[in-house]
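Sharing a structure with you now.
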Amino acid sequence: MEEKIIITFPDGTQKEFPKGISAYDIASSISKRLADDVLVAEVNGKLIDLSAPVNENSQITFHKFDSEKGKEVYWHTTSHLMAQAIEELFPGAKFGVGPPIKDGFYYDIDSETKFGEKEIALIEAKMKEIAKRGLKPVRQELPRLEAIKYFQSERKDPYKVEILETIASNEDTVSLYHQGGFTDLCRGPHLPNTDKIKSVKLMSVSGSYWRGDENRQILQRIYGVSYPKQKELDEHLNRIEEAKKRDNRKIGHELELFMISPSVGGGLPIWLPNGSIIRGELENFLKDEQVKRGYSPVYTPHIAKVDLYRQSGHYPYYKESQFPPLEFEDETGKSEQYMLKPMNCPHHHQIYSFKPRSYRDLPVKLAEFGTVYRYEQSGELNGLIRVRGFTQDDSHIYCTQEQLLDEVCDVIELTQFVFSTLGFKDFKTRLSFRDKENKSKYGGEDDMWEKAEADVKAAADKMGIDYYIGIGEASFYGPKLDFMVMDAIGREWQLGTVQIDYVMPERFDLTYTGSDGQKHRPVIIHRAPFGSLERFTGILIENYAGDFPLWLCPVQAVVLPITDAVKDYAVEIFNELKKNNIRVELDDRNEKVGYKIREAEHRKIPYMLVVGEKEKQENLISVREHKKGDTGKTELKELIEKLKLKIIQKL
C-alpha cells in the first residue's frame with residue numbers, strides 16, 4: 001500500500017500526497033500556472049529544489065520571483081550561468097564564490113583574461129544562449145573528501161578545494177550542482193531550468209582579494225542582475241540611474257549639507273551649517289515627542305573601559321567591527337584599556353543602577369542622541385548612509401513584565417508616527433528572531449529567548465502589524481521588531497528598531513523592588529526610530545532627492561529684489577519673516593532676477609519672493625514656488641501665516 005504524507009499550505013489547508021512526491025508536483029496539483037511561476041519550495045523552513053522529494057508530513061511554501069527568497073535563488077542560479085559562460089568562452093578560468101546579493105549577484109573569477117567591455121558583452125550573450133538550452137541544474141550529494149578529490153583531479157579548481165578544506169571542514173557531506181557540462185560546489189537550491197532566466201545585465205567588474213585577504217590572489221569580481229522579463233530589468237536599470245541622481249554624496253555636496261575630509265578620515269562626516277539645520281530639526285521633532293511620552297534625556301561619554309563592553313557582551317560579539325582599544329594609565333598609574341563607544345546600552349544600564357528602583361518608579365525611560373563608533377571597511381562607506389561615527393536616537397525603557405506589552409506598543413506607535421511624518425508611507429515589519437541552530441551567536445538561556453520572542457509577536461499582533469519572521473536576524477541579546485521602509489524609487493531600507501531584552505538585566509544585575517518587597521529583574525526595551533541620524537538623513541536626502549519638506553529645509557525662503565530701488569522693501573520683508581522664525585535669505589546681489597531664480601531653484605529653496613516697483617506700490621509679494629513657478633501675488637501677513645502653518649504641520 002502506498003504510504004501517504006500530509007502537506008500543510010500557508011493558509012492552513014492540508015492535503016494528502018504520496019510519500020516522495022516532488023515539490024514541483026505538489027505545486028502542479030494546485031495549478032499549472034503556479035507550477036510554471038514557482039522558482040523554489042520552502043519545506044519546514046528549509047529551501048529545496050522543486051525536483052526534490054518530500055518524504056514526511058510538512059509545511060510548504062512556494063516562492064516566485066516576487067519574494068525575497070525567490071529572487072535569491074533566481075540570482076544564485078544566474079551566477080552559476082555566468083560562471084558556465086565564462087568557462088566556455090575562456091577555458092582555464094577558476095572560480096571563487098558566487099552568491100546572490102541585495103540587487104543581483106556576483107562571481108569572483110581567476111582568469112588570465114582581463115575582463116573589459118568587449119569580454120563582458122561576450123559573456124552576456126553566451127549567458128543568454130546557454131539559458132535557452134533549457135539546462136536542468138542537477139544536485140549531487142557526496143562525501144566531502146570525495147568532493148575534494150573531484151576538484152583536485154577532474155575539475156582542478158584550487159578555490160573549491162580550499163573551501164572544502166576550511167569553510168566546509170565540519171561537514172561530512174556536501175553538494176555539487178551539474179548544469180550541462182559545468183559543475184559547481186554549492187549548497188543550493190537552484191532554479192528548475194535555466195530557461196527561466198530571460199533578461200541579464202552584467203553591471204561592473206572590480207578587483208577582490210580572495211577571502212578578503214590582501215596577501216592573497218586578486219580575483220576579478222563581476223556583478224550582474226537578471227529578471228524574468230526585459231521590462232522588469234529595464235525598470236531596475238532606470239532605478240539605478242535615478243539612484244545616481246539622488247546619491248546622498250552628490251546632493252550633500254551640491255546643497256552643502258555635509259562633507260567628508262581626508263584630513264579627518266573616511267566615514268567620519270562633518271555636518272555643514274545647512275545639514276546641521278536638518279539634523280537639528282529631526283532631533284527637536286523626536287525630543288518633543290519623547291517629552292510627551294515620559295522620556296528623560298541623558299548624556300554619556302564617547303569612551304569607556306573595555307571591561308564595560310566585555311560585561312555587556314558587545315566586545316566579543318562585535319569585536320571585528322570595533323576600533324581597537326586605547327591604553328591609558330589611571331590616576332593610580334595602573335594601565336587601563338578604553339574603547340570608543342560602540343553602543344549606548346551599557347552606559348544607560350549604569351544610569352539605571354545609579355540608585356535603588358521601586359516598582360513605583362517604573363517604567364524608567366532614558367533617551368540619548370548618543371554618538372557611537374564602528375569600524376566599517378573602507379569599501380562599504382557611503383556618504384552619510386554608511387559611516388564609522390554616527391549618532392543613534394537611542395532609548396532604553398526599563399519596565400516590569402506587566403508593563404512590557406503596552407510599552408512596546410507605544411514604541412511601535414511612535415516609530416510609525418515618525419515614519420509617516422517624514423514621508424515613509426510604505427513600510428513592512430520583520431520580527432527578527434534567533435537561529436536556534438546557531439545558539440553560540442546569542443547570549444542568555446533558551447527560556448529567555450522563547451519569552452522575548454513571544455512578547456515581540458504579541459505586541460505586533462496587538463498593533464495589527466503585517467509582519468514576517470526573519471530567522472537569524474536577532475541581536476545577540478534579544479529579538480527585534482525591525483521596520484523596513486520603501487523609498488521613493490522602490491528601494492528597501494531597514495530603519496527603526498524595537499528590541500526586547502532579558503539578557504542585559506542579568507549581566508548587569510539590574511533590579512527593582514516589587515510590591516512584595518522582593519527584588520525583581522526589569523525587562524529592557526531598546527528603541528531607535530531613526531536608528532542613526534546620519535543614515536536616516538542620508539536616506540531622507542535620497543528619498544526626497546534634496547527637495548525637503550518646508551519644515552526641514554535649511555533655507556525656507558529667499559527674498560529677491562529686482563532693483564536697488566526696492567531694496568528697502570525687500571529688507572522689510574526679510575526682517576518680518578526672520579522675526580517669525582522662518583529661515584530666510586536676502587539676495588540683493590547686482591544680478592538679473594532670472595539668474596537669482598535659477599540659482600534658488602538649483603538650491604531647492606521652496607519659496608522665492610520677488611519684489612519690484614509694482615509689488616512695493618501695492619504692498620504685495622510675487623511668490624514663486626520651487627518646481628511650480630509663479631503662484632501669484634500675496635500679502636506678507638498671509639504668506640507668513642501660510643508658511644508657519646505648513647511648518648507646524650510638518651509639511
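The values are calculated or read from the model by the stated rules, or taken from the named source; none is laboratory data. Everything quoted here is computed from the prediction, not taken from an experiment. Note that we place each Cβ from the backbone using ideal geometry, even for glycine, and neighbour counts take in every protein chain shown. Surface areas here come from the heavy atoms of the whole protein model, side chains and all, with no ligands, DNA or RNA. Shrake-Rupley method; radii C 1.70, N 1.55, O 1.52, S 1.80 Å.
Here are labelled values, (i) 32; (ii) 14; (iii) 24, and one is the computed percent of Cα pairs over 46 Å apart for what I pasted. Which one?
Checking each listed value against the structure points to (i).
While we're looking at this one, here's another question. Would you check the accessible area of W551, probe 1.4 Å, heavy atoms only, in square angstrom rounded to 10?
Its accessible surface works out to 10 Å², give or take rounding.
Okay, next question. What is the sum of charges, Lys and Arg at +1 and Asp and Glu at -1, for the other residues whose Cβ falls under 11 Å from the Cβ of G389?
+1
Hey, another quick one. Which percent, nearest 5, of DSSP beta bridges in the chain are antiparallel?
Values: 97 of 115 bridges.
In the chain, approximately 85 percent of DSSP beta bridges are antiparallel ones.
Oh, and also: What are the aspartates and glutamates whose alpha-carbon lies under 15 Å from the alpha-carbon of K126, with same-chain residues fewer than 8 places away excluded?
Result set, ordered by chain and number: E87, E88, E117, D195.
Okay, which of region 391-405 sit inside 19 Å, backbone N to the point 7 Å along the Cα-Cβ direction of S296?
Answer for this model: 394-401, 403-404.
Counting pairs of alpha carbon atoms under 8 Å apart in space and at least six apart in sequence, what relative contact order in percent does the chain give?
Relative contact order here is 9 percent.
What FRET efficiency would be calculated for the residue pair K102, K436, taking the C-beta separation as r and a Förster radius of 25 Å, to the nearest 0.05?
Plugging the Cβ-Cβ distance into 1/(1 + (r/R0)^6) gives 0.45.
Can you order the peptides 440-448, 260-268 by their average number of other Cβ atoms within 10 Å per residue, highest first?
440-448, 260-268
Could you sort 605-613, 558-566 so that the peptide with the highest average Cβ count within 10 Å comes first and the rest follow in order? Can you show the working numbers first?
Values: 605-613: 20.9, 558-566: 19.3.
Top of the packing list down: 605-613, 558-566.
At 7 Å along Cα-to-Cβ for each site, give me the label-to-label distance between E2 and Q494 in nm.
It works out to 4.4 nm between the two label points.
Something else: Treating cross-link reach as a plain straight distance, find the aspartates and glutamates whose alpha-carbon is under 18 Å from the alpha-carbon of K604, omitting any fewer than eight places away in the same chain.
Within the straight-line limit of under 18 Å, K604 reaches these aspartates and glutamates: E242, D247, E254, E256, E281, E542, D547, E585, D587, E625, D630.
Determine the sum of side-chain charges near R211: Lys and Arg each +1, Asp and Glu each -1, restricted to other residues whose C-beta is under 15 angstrom from that of R211.
Counting the neighbours of R211, the net charge comes to -4.
For a label point 7 Å from the Cα of T634 along Cα→C-beta, name the residues of region 593-619 whose backbone N is under 14 Å from it.
Flagged as within label range: 606-610.
Additional query: Would you compute, from DSSP H runs of 4+ residues alone, the mean residue ellipticity of the chain at 222 nm, taking -39500 (n - 2.57) per run and dividing by the full residue count, rounded to the nearest 500? Walk me through the intermediate numbers first.
Working: 20 runs with 230 residues, N = 651.
Mean residue ellipticity, 222 nm, calculated: -11000 deg cm²/dmol.
Quick one: order I7, I471, I647 from most to least accessible surface, probe 1.4 Å.
I471, I647, I7
Can I ask one more? May I ask you to list the GluC sites (Glu not before Pro) in region 191-260 that are in a DSSP loop and have at most 12 other Cβ atoms within 10 Å of their Cβ?
Here the sparse-neighbourhood loop sites are E214.
Quote to one decimal, in nm, the extra length available between E641 and K231 on full extension: 0.36 nm per residue of separation minus the C-alpha distance between them.
Stretched out fully, the E641 to K231 stretch lengthens by 142.9 nm.
Beyond a 25 Å Cα-Cα separation, which of these cross-linked pairs lie in this structure: K64/K201; K94/K128; K94/K441; K287/K319; K355/K436; K201/K480?
Details: K64/K201 20 Å; K94/K128 21 Å; K94/K441 33 Å; K287/K319 32 Å; K355/K436 37 Å; K201/K480 36 Å.
Pairs exceeding 25 Å: K94/K441; K287/K319; K355/K436; K201/K480.
Within the accessible area of the chain, what % is carbon and sulfur when the probe is 1.4 Å and the other protein chains stay in place?
Details: 15440 of 31690 Å².
Within the chain, the accessible surface is 49 percent carbon and sulfur.
For E450 and M203, what is the calculated FRET efficiency with R₀ set at 41 Å and r taken between the beta-carbons, to the nearest 0.05?
The value I calculate is 0.40.
While we're here: Can you give me the accessible area per residue for region 471-618, using a 1.4 Å probe, in Å²? If you can, show how the numbers build up before the last one.
Numbers: 5580 Å² over 148 residues.
In whole numbers, region 471-618 has 38 Å² accessible per residue.
Mind listing the phi-derived Karplus ³J(HN,Hα) values for region 163-180, rounded to whole Hz, using 6.51, -1.76 and 1.60 with θ = phi - 60°, and x for any glycine or proline?
In residue order, the calculated couplings are 4, 5, 7, 10, 4, 9, 5, 8, 9, 7, 10, 10, 10, 10, 10, 9, 9, x Hz.
Students often get this wrong, so check it: of K196/K231; K567/K592; K149/K439; K71/K250, which have C-alpha atoms separated by over 25 Å?
Working: K196/K231 15 Å; K567/K592 14 Å; K149/K439 33 Å; K71/K250 30 Å.
From the list (K196/K231; K567/K592; K149/K439; K71/K250), the Cα-Cα distance tops 25 Å for K149/K439; K71/K250.
Still on this structure, please answer the following. Taking 30 Å as R0, compute the FRET efficiency from the Cβ-Cβ separation of D516 and S353 and round it to 0.05. Before the final figure, lay out the partial values.
Numbers: r = 21 Å, r/R0 = 0.69.
Once rounded, the FRET efficiency stands at 0.90.
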